[in-house]
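Only one structure is covered here, and it is reproduced in the block below.
The values are calculated or read from the model by the stated rules, or taken from the named source; none is laboratory data. Note that the coordinates shown come from a computational prediction; the quantities given were computed from them, not determined experimentally. We place every Cβ from the backbone using ideal geometry, glycine too, and count neighbours over all the protein chains shown. What goes into the accessible areas is simple: the full protein's heavy atoms, side chains included, and nothing from ligands, DNA or RNA. Shrake-Rupley method; radii C 1.70, N 1.55, O 1.52, S 1.80 Å.
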Amino acid sequence: QVQLVESGGDLVQPGGSLRLSCVASGSIFSINRMGWYRQAPGKQRELVATIANANNIVFADSVQGRFTISRDNARNTVHLQMNSLKPEDTAVYYCNVEAIPFTDSWTAGEAAEYWGQGTQVTVSS
């Protein structure tokens with residue numbers, strides 16, 4: 001089983017900063033992509049930023065220039081640095097990972113997506 005644990009969500013004022021972290025653990029053979037999605041009340045879950053192999057990075061237009069994403073492959077960790085936060089950034093932020101797990105027979109399986117439990121980010125004055 002692959003498990004994701006997020007941390008760093010908080011209540012901040014507009015213009016403030018937060019750093020989210022996600023650690024993947026469990027029966028992981030390799031990780032292809034790590035990133036973040038968010039879901040605001042009444043909205044669909046949307047991509048925030050992802051970082052894949054070869055450090056290929058994708059940002060949502062709404063966070064371009066304000067957020068950065070980084071990945072520590074040795075520790076199966078991804079960070080999202082959020083600066084110049086806006087009230088529109090308020091959402092539950094979910095870590096998302098595409099990984100190749102070990103099977104019950106301890107052989108490499110096929111790539112699958114995994115989700116964390118989410119961490120609340122609230123931007124309000």
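The table below lists the values:
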quantity: PHE29 being in contact with a strand residue (DSSP E or B) (Cβ under 9 Å, 6 or more places away or on another chain) and surrounded by fewer than 18 Cβ atoms within 10 Å (Cβ to Cβ); calculated: yes
quantity: Candidate set from the stretch 2-20 (those that are farther than 30 Å from PRO101 by Cα and of a type in the set (A, V, I, L, M)); member that is surrounded by the fewest Cβ atoms within 10 Å (Cβ to Cβ); calculated: LEU11
quantity: Those strands (runs of 3 or more DSSP E) lying entirely in the stretch 50-125 with at least 3 residues open to solvent by less than 60 Å² (accessible area, probe 1.4 Å) and at pLDDT 95 or above; calculated: 67-72, 77-82, 91-101, 119-123
quantity: Neighbours by Cβ (under 8 Å, 6+ apart or cross-chain): first from the stretch 101-112, touching a residue at least 24 places away in the same chain (Cβ under 8 Å); second open to solvent by 80 Å² or more (accessible area, probe 1.4 Å); calculated: PRO101/GLN1; PRO101/PHE29; PHE102/PHE29; ALA108/PHE29; GLY109/PHE29
quantity: Residues of the stretch 29-51 satisfying the condition of being under 12 Å from the mean Cα position of the chain (by Cα) and closer than 27 Å to THR103 by Cβ; calculated: ARG33, MET34, GLY35, TYR37, THR50, ILE51
